[in-house]
Amino acid sequence: MAQIELNDVLARIETKIRARPEFTSAEIVWASVPRLRVEAGPLHLLFEELIDNGLRYNRSEGPRIEVVGEDRGASWAIEVADNGTGLPIEVRRRISPAEGEPGPEAGGVARALRIVQDLGGELDVTASGPSGTTLRISFPSDLVD
């Protein structure tokens, strides 16, 4: 398995997203993100999907995405937070583990959930409301360098 610098992945995504006229004023910041032993393509698609969703459904004057990693011992948590409109309750329910497989109405978040699971991690909605959404991706420590 390749060692992938999440810093590099996020920098490439930021460059790609800033090329889109509707996102030129968006702020995308990240800190303390790890190097992961996973496939590069799915990891890139995962974060591109989450960042794109966080900006596409954002109606604030200054759209912002923040990606922060934290070593939790047995796992690494990477939170992706936005200051958008929040996830509709139907989408939150559809990506909840208790609800089974997410349906198409969950959109990009459902795709992200499947990618995280395929990479050996978990995805949870930790906050969602009118001031934004925070999604937490947890990877087992054995996937982190």
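Bear in mind these aren't lab numbers, they're just calculated from the coordinates by the rules spelled out. Everything numeric in this text was worked out from a predicted model, so none of it was measured. Here the Cβ positions follow ideal geometry from the backbone for every residue, glycine too, while neighbour counts run over all protein chains shown.
What does the extension gain come out to for Arg93 and Ala127, with contour length at 0.36 nm per residue minus their alpha carbon separation?
Between Arg93 and Ala127, full extension yields an extra 10.9 nm.
Put +1 on the Cβ of every Lys and Arg and -1 on every Asp and Glu Cβ in the chain; which of Ile137, Gly41, Ala26 then has its Cα farthest towards the positive end of the dipole?
Looking along the dipole axis, the top candidate is Ala26.
Between (i) -0.20, -0.25, -0.62; (ii) -0.31, -0.38, -0.76; (iii) -0.30, -0.38, -0.86, which matches log10 I(q)/I(0) by the Debye sum over Cα atoms at q = 0.08, 0.09, 0.14 Å⁻¹ calculated for the structure shown?
Here the calculated entry is (i).
Give me the net charge of Trp76's neighbourhood, meaning all other residues with Cβ under 13 Å from the Cβ of Trp76; Lys, Arg count +1, Asp, Glu -1.
-2
Only helical DSSP H runs with n ≥ 4 go in: add -39500 (n - 2.57) per run for the chain, normalise by residue count and round the 222 nm mean residue ellipticity to 500 deg cm²/dmol.
Calculated at 222 nm, the ellipticity per residue is -10500 deg cm²/dmol.
Expressed in nm to one decimal, what extension gain is obtained for the pair Arg72 and Arg37 from 0.36 nm per residue of sequence separation less their Cα-Cα distance?
Using 0.36 nm per residue and subtracting the Cα-Cα distance, I get 10.9 nm.
Around Lys16, what is the net charge, scoring Lys/Arg as +1 and Asp/Glu as -1 over all other residues with Cβ under 11 Å from its Cβ?
0
Report the local net charge at Ser138: Lys and Arg +1, Asp and Glu -1, summed over other residues whose C-beta lies under 13 Å from its C-beta.
That works out to -4.
Just to verify a number: FRET efficiency for Ala19 and Arg59, C-beta to C-beta distance, R0 = 22 Å, to 0.05?
Step by step, r from the Cβ atoms, then E = 0.55.
Just to be sure I understand: of the beta bridges DSSP finds with both ends in the chain, what percent are antiparallel, rounded to 5?
Percent antiparallel among DSSP bridges in the chain is about 85.
Need the full-extension length gain, Glu27 to Ala2, defined as separation in residues times 0.36 nm minus the C-alpha distance. One decimal, nm.
Computed gain between Glu27 and Ala2 is 6.1 nm.
Nearest 5 percent is fine: what portion of the DSSP beta bridges confined to region 23-82 is antiparallel?
If I count the DSSP bridges inside region 23-82, around 60 percent turn out antiparallel.
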